[in-house]
Amino acid sequence: MRKWMMAVAVLVVASPVMGQVDHNVEKQIQSSYTKVVAALKKKDMKGILSMMAPDVTIIEMGQKLNRAQCEENLKMHLAIMDFQSAEVKFTKLVVKGDLATTEFSESAKVKAKGQDGKTANIEMFRKYKGSFQKIGKVWMMKSSESLGEPDITVNGKKL
């Protein structure tokens with residue numbers, strides 16, 4: 001189950017915000033995020049990674065991952081998961097030059113094959129903090145850290 005939680009969290013690598021929000025930057029990040037969701041559904045690794053800065057750092061469930069580790073983790077999990085949907089909502093997005101700090105929540109739905117070969121419907125909700133860096137004309141995820149435990153439902157049963 002822990003692998004499923006990490007996989008869902010890593011699959012969904014970007015997000016948007018309310019409160020202090022730069023709406024122009026939010027729209028740009030959301031546009032990139034929409035492309036990542038489409039790439040996740042197609043299992044298009046290049047498209048998924050397109051929103052991650054070359055030096056991205058992801059901290060999920062206490063484990064720190066760099067871009068190469070994220071890519072390996074994604075490959076492994078995409079082999080057993082079908083990404084259904086994701087939604088991200090920013091609660092904070094503060095821009096200073098080419099760096100945006102964020103707080104956001106994400107919800108995601110996936111179908112995943114268990115060790116028994118059966119498919120499970122998994123829904124997850126979690127809060128994050130992170131940052132985006134503008135590289136060229138594109139805002140890319142620089143960092144992401146999960147906050148607290150996720151709310152997870154497997155086949156309609158809350159864990």
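The values are calculated or read from the model by the stated rules, or taken from the named source; none is laboratory data. Just so we're clear, the structure is a prediction, and the values are computed from it rather than from any experiment. Neighbour counts run over all protein chains shown; Cβ positions are idealised from the backbone, glycine included.
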Fill in the blank from the handout: Checking K96, K46, K64, K92 in turn, the sole residue that is over 29 Å from K157 (Cβ atoms) and surrounded by 14 or more Cβ atoms within 10 Å (Cβ to Cβ) turns out to be K92
Completion exercise
Given the conditions (1) of a type in the set (A, V, I, L, M, F, W, C); (2) surrounded by 13 or more Cβ atoms within 10 Å (Cβ to Cβ); (3) under 21 Å from V37 (Cβ atoms); (4) touching a residue at least 40 places away in the same chain (Cβ under 8 Å), every one holds for L159 apart from (3)
Fill in the blank from the handout: Exactly one of G117, G130 is among the small types (G, A, S), outside any helix (DSSP H, G or I) and out of contact with any strand residue (DSSP E or B) (no Cβ under 7 Å at 6 or more places or on another chain), and that one is G117
Handout entry: Number of the exception - S131 against (1) among the hydroxyl-bearing types (S, T, Y); (2) over 28 Å from V154 (Cβ atoms); (3) in contact with an Asp or Glu (Cβ under 9 Å, 6 or more places away or on another chain)
Key = (3)
Practice task
Confirm whether S31 is under 13 Å from F132 (Cβ atoms), modelled with pLDDT under 90, among the hydroxyl-bearing types (S, T, Y) and surrounded by fewer than 18 Cβ atoms within 10 Å (Cβ to Cβ).
Solution key: yes
Problem - Scan of region 117-145 for residues that are touching a Pro at 6+ places or on another chain (Cβ under 9 Å), hydrophobic (A, V, I, L, M, F, W, C) and buried (at least 19 other Cβ atoms within 10 Å of the Cβ), ordered by number - result: M124, M140
Problem - Boolean, A100 is more than 12 Å from the chain's Cα centre (by Cα) and aliphatic (A, V, I, L, M) - result: yes
Practice task
Considering every residue within region 51-65, establish whether at least one is at pLDDT 90 or above and assigned to a helix (DSSP H, G or I).
Solution key: no
Handout entry: Test: residue in region 66-76 that is assigned to a strand (DSSP E or B), more than 22 Å from K41 (Cα to Cα) and modelled with pLDDT of 95 or more
Key = yes
Completion exercise
Note: among K92, K109, just one is more than 25 Å from G136 (Cα to Cα), in contact with a strand residue (DSSP E or B) (Cβ under 6 Å, 6 or more places away or on another chain), part of a strand (DSSP E or B) and not hydrophobic (A, V, I, L, M, F, W, C), namely K109
Practice task
Starting from region 73-84, keep only residues that are closer than 10 Å to A112 by Cα and touching a residue at least 12 places away in the same chain (Cβ under 8 Å), then list their pairs with residues that are charged (D, E, K, R) and surrounded by fewer than 20 Cβ atoms within 10 Å (Cβ to Cβ) whose Cβ atoms are within a distance under 6 Å, requiring at least 6 positions of separation or different chains.
Solution key: L78/K43; I80/K113; D82/K111; F83/K41
